[in-house]
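Right, one structure below, let's go through it.
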Amino acid sequence: MKNYLLTILMGWFTFFTIYAQQPIPKTSSELYDDLQKLNFLGTALYIAAHPDDENSSLISYLANETKARTAYLALTRGDGGQNLIGSELREALGVLRTQELLAARRLDGGEQFFTRANDFGYSKHPKETLEIWNKDSILSDVVWAIRRFRPDVIINRFDHRTPGTTHGHHTSSAMLSVEAFDMAGDSQMFSDQLNRVSTWQPKRIFFNTSWWFYGSEEKFLEANKENLLNFDIGKYFPSKGMSNNEMASIASSQHLSQGWGRLTTRGSRNEYLEFLKGDKPQNNDIFSGIDTSWKRVKGGKEIGDILTKVEADFNFQDPSVHLPELLRAYKMIQNLEDEYWRNFKTRQITALIEGCSGFLAEVITGSPIGVPGETIDLDFQVINRSTAEIIIEKITLSPSGAVLELKKSIPSNEQEQFELQLEIPENAAPSTPYWLNKESTLGMYSAPRKFIGLPETPPAASAEIALNINGVRVTTTKNVVYKHAEPDKGELYEPFEILPAVTSSLANKVYIFNEEGGKHIPVSITAHRENTSGILRLDLPEGWTSSPEQIDFSIKNKGESKTYYFQVMPPSSESTGALSPIIELNGKTYDRELIDINYKHIPRQRILMKSSAKVVRLNIEKAGENIGYIMGAGDEVPESLKEIGYVVIPISPSDISPANLDSFDAIVTGIRAYNVLENELRTKQQYLLDYVKNGGTLIIQYNTVGRSGFRGPKIAPYELNLSRKRVTDENSPVRFMAPTHPVLNTPNKIVKNDFSGWVQERGLYFPDQWASEFTPVLAMNDPGEEPALGSLLVAPYGAGYYIYTGLSFFRELPAGVPGAYKLFANMLSLGKTDNNNTNSKG
C-alpha cells in the first residue's frame, strides 16, 4: 500500500513539473476549488531570503484551505548556494533554483516573486548583507512587491530582532519586510514607483515562529504566547486525496539542488504566527476583521451574489451548466473600477470559464527555438468539450503583432486545427533570464522596472485568442510551446524560445598555461538558423596571441555545431585575463554562449551569457600524475586539475578496493561526498585509510554538518570534529601557522599573495577540534571573530598523508584563482618530492 501511494504521489508531482508548459484540464473538484478561490478576496505575502526558506505547509494552507491569493517573495534566487544534483553554480544555479521554486508553487498553490538581490554567499550579519545588497535598492523592491501584490497580511519567515544569530540574509529579509510594511502606504517613499502602482498599506504583519526560534521545545512551552496565533495546518482535503502537509512535502521536495527531497508527512501540525504590528486579529484567523468577500470592492456585491449561488449549487457532474452565471459575472468584473481586483479576478474567472466549458487550446511549434527575422510555422489546436457556442473571432500573435481574423465556430468535442505563421521581428529580444542581461554587482542584479519582481522572463511568443462564448467576448492567452514525443518518454513539452542566429562555447572555463608553449583552444559554434556563414576570432588579453587571427566558418543546418581551433600563445611572464570568442555575421557581432539546464523536475532552461574563459599563465610545479576522484555533490575540480596536467580518473564507491586504489598517486573526495554517499563510503572508508597508511595521499574536501553534528562515518584516522565554522570574507587575511610545512613550500612556494583574488568565501564547515597528529596550516577569520585554524589540516598516517580541507577549492579552481591551483598541487604532491617524502609534521 505504501509503495502504491508513493507511486501515485510521484506521478502527481512529475505531471505538474516536467510538463509545466502543458495545458492541464481540471477535474470538477479542482474547478470547484478554483471557484472558492474566485470568491475569496484576500491576499497574503510570505517573505524570506532564499529558495527553500519558505514554509510550504503554511503557503499551501493559505492557498488551499483559506483560499487566499498567496505568494512567496524570496529576496534572492539562491545563486550563492551549493548544488547537490549537478555542477551549476552562481548564475546557472540561480536559474535552477528559481525553477525549483516555481515547481513548488505549482504544487502548493502559491505565486512566486523576487527582488534584485544577488545571493553573494553566507553572511554572518545583516549589516554586511545590507551594505553589499545596497539596502535602499532592495528595500524599494520589497515596497514594489507589496504595492503590486497588495497583501492584506505579511508573514516573515525570520525574526527581525535577532541580528547576528543566523544567516545575515535571513535576518535582513525580516528587517526589510518590517520597514517596507510602513513605507508601502507612504506616498513620500519611493515615489518614482507611483506612476505604475498605487500606495498600499497591509493590515498586519507576523513572524512565523516555532519552538526552534526559542532554543528548545521546553522553552517554547514555557514562553508567553499572548501575541501568538496558533492553528492546525494538517487539514485533509478529500477532493485532493491528500492532506495539506502531504502536498507541502511534495512541493518542498522540488528543491532537489539543495537536498530537500523528503518523505511526505500527515496528520495535525500546529503553526504559530507572532503578531508584530498593524491591526491585531481577535482570533486565530489571520484575516480576522478583514472583509475578504466581494463586498470589499465597489460594485462587487452583485458579483459575489452570483458566484456564491454557483458555489452553493455547483454541479460536479456537468460544470458547464454554470457558464451563463459565470459569463454574467465575467462581464460585471470587466466594469470594476478597482484595477487590481479587475485584472486578477478576470484571470481567475477566465480560467474557470475555460475549465467549465472544456475549452482547450494549444499553439505548437515543431522547433524549440527561433531567431530574429525567422518565420515559424505554428499549429493551433483547439477543442470545445461542452455544448456551449464558442466562436474564435481572432488570434493576435506576439511578438509580431500579426492578427488573424477567424470567426470560426468550434463544434462540440471536435478538435479543430489551423496553420499559423509567426514572423519573429528582427529586433526581437532573445529569451534569457532578464536579470542576467546586464553584468551584475556582487550584491545586485540589474532589471528593467517592468520586470522587477517577476520570477522569470515573460514567454518569447504567445497567442491572444478572442473568444465569443454564448454571446460574451472572453479573451485568453496561450504561450507558444514546443511539443514532441519520444518513444521512451511519451509526449513532452518545452518552452519556445528566441535565440541569436549563432552562439559559441569554449570547452573549459579556465585554461592554465603552465609551459612556454601554447595550447590548442577549441571553439564550438552552433547555428540557430540555416546557412550561417561568418568570421570567428578571439578577443584576448594584452600580450596574448592566437594563430590564426581569425577563421572563416560556414554551417549549413539549423542546430548544427562545428568546432574550430586556435593556437593560443601566452606571454612569457605570469598573466591572467579573459578570452572570448567573437563572431561577425552580416554586420553584427555575437558573443553569447547558450547554457542548457535540463532536469526532469523543472522545465528545460536555456541561458545566454557571454562566452568566455579565464586564461592564466602560471608557473606551477607538481608531483604525481594519476588522481582518483570520488565525486560528491557535484563540482568542477576534476576538470580544473586536468588543466594543470593531472590525469583524473573518476572512482565510484563500488570500485573502491585495495587493488584499485594502489595505482593512484593521490585520491580526492569531492565536496560533500560523505553527505551524499554516506552509506556507500561507510563500508569503504577503511580501504581509503589503508591506502594512506600504505603511502598514499588522501584529500577530503568539505562536508556539511547539521546542528546535531556530522552524521557520516568516521572519516579520519584520528579524532576530527567537523563544525559549522566558516570564513565568508574572501579577502580575509590568511596567516601561515606552519610556515615550514611542505604543503606551503613544495613544489610551489605559497605566499600571502596566493590568497588574493579568491571568490565568495575562504571556506566553510571547518573542523573545530582535532587530534595532535594534525597540523593546522592556516589561520583566518571574519572581522571581529577569533581565528579559525581548521581550514587546512594535514596529518601523517603510516607512510602517507591525510588532508582535510574546508577551503572552497570548488569555487576557486573553476574561477581560475592561481594561488588555489598552487596550493592544491602542493597537497597532491605531498610525499612525492625530495623535500617532503618524510611525512613529518614540519
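The numbers here are math on the coordinates, done by the rules we state, and not lab data. Keep in mind the model is a prediction, meaning the values are calculated, not measured. Counting neighbours? That spans all protein chains shown, and the Cβs are built from the backbone with ideal geometry, glycine included.
A few points about this structure:
- Estimated vicinal HN-Hα couplings, Hz - segment 273-281 in sequence order (Karplus 6.51, -1.76, 1.60; Gly, Pro = x): 10, 8, 5, 9, 6, x, 8, 6, x
- For segment 684-736: rounded, prolate or oblate by the Cα gyration tensor [a/c cutoff 1.5]: oblate
- Here 287, 207 are placed in order of increasing Cβ neighbour count within 10 Å, fewest first, which gives 287, 207.
- The simple spin-label model puts a point 7 Å past each Cα toward its Cβ; for residue 348 and residue 394 those points are separated by 3.0 nm.
- Kirkwood Rh and Cα Rg combined as Rg over Rh, evaluated for segment 626-829: 0.93
- 5 angstrom amide H check on residue 670, placed H, neighbours 5+ away: 630, 631, 632
- Expected-Rg normalisation [2.2 N^0.38 Å, Cα atoms] applied to segment 604-690: 1.33
- Cα pair count fraction exceeding 24 Å, expressed as % - segment 40-292: 47
- Rg/Rh for segment 460-591, where both radii come from Cα atoms and Rh is the Kirkwood radius: 1.21
- FRET efficiency estimate (nearest 0.05) - Cβ-Cβ, residue 264 to residue 596, R0 25 angstrom: 0.20
- Applying the criteria of a DSSP loop state and at most 15 other Cβ atoms within 10 Å to the trypsin sites (Lys or Arg not before Pro) of segment 714-780 yields 714, 749.
- Axis of helix 168-183 versus longest Cα principal axis of the chain: the two differ by about 30°, to the nearest ten degrees.
- Modelled spin-label separation between residue 429 and residue 446, with each label point placed 7 Å from Cα along the Cα-to-Cβ direction: 1.3 nm.
- In a simple Cβ point-charge model (Lys, Arg +1; Asp, Glu -1; nothing else charged), segment 626-829 has a dipole of about 240 debye relative to its Cα centre.
- Segment residue 24..residue 714, full-extension length gain: 243.5 nm, with 0.36 nm per residue of separation and the alpha-carbon distance subtracted.
- By the count of neighbouring beta-carbon atoms within 10 Å, fewest first, 502, 178 end up ordered 178, 502.
- Using the Stokes-Einstein relation with a Kirkwood hydrodynamic radius computed over Cα pairs, the translational diffusion coefficient of segment 427-536 at 20 °C and a viscosity of 1.002 mPa s comes to 112 µm²/s.
- Extension reserve of the residue 210-residue 533 stretch, reckoned as 0.36 nm per residue once the Cα distance is removed: 110.1 nm
- Exposure proxy for 829, 172: other Cβ atoms within 10 Å of each Cβ, ordered fewest to most, give 829, 172.
- Residue-span extension gain [residue 385 to residue 588] - 0.36 nm each, minus C-alpha spacing: 68.2 nm
- Candidate lysines - alpha carbon under 29 Å from residue 295, same-chain residues fewer than 8 apart omitted: 26, 37, 67, 203, 235, 277, 280, 309, 331, 345
- Amide H contacts of residue 578 (H built 1.01 Å from N, under 5 Å, at least 5 apart or other chain): 615
- For residue 384, distant residues with modelled amide H under 5 Å away: 413, 414
- Calculated FRET efficiency for the pair residue 137/residue 564, C-beta based, R₀ 45 Å, to 0.05: 0.60
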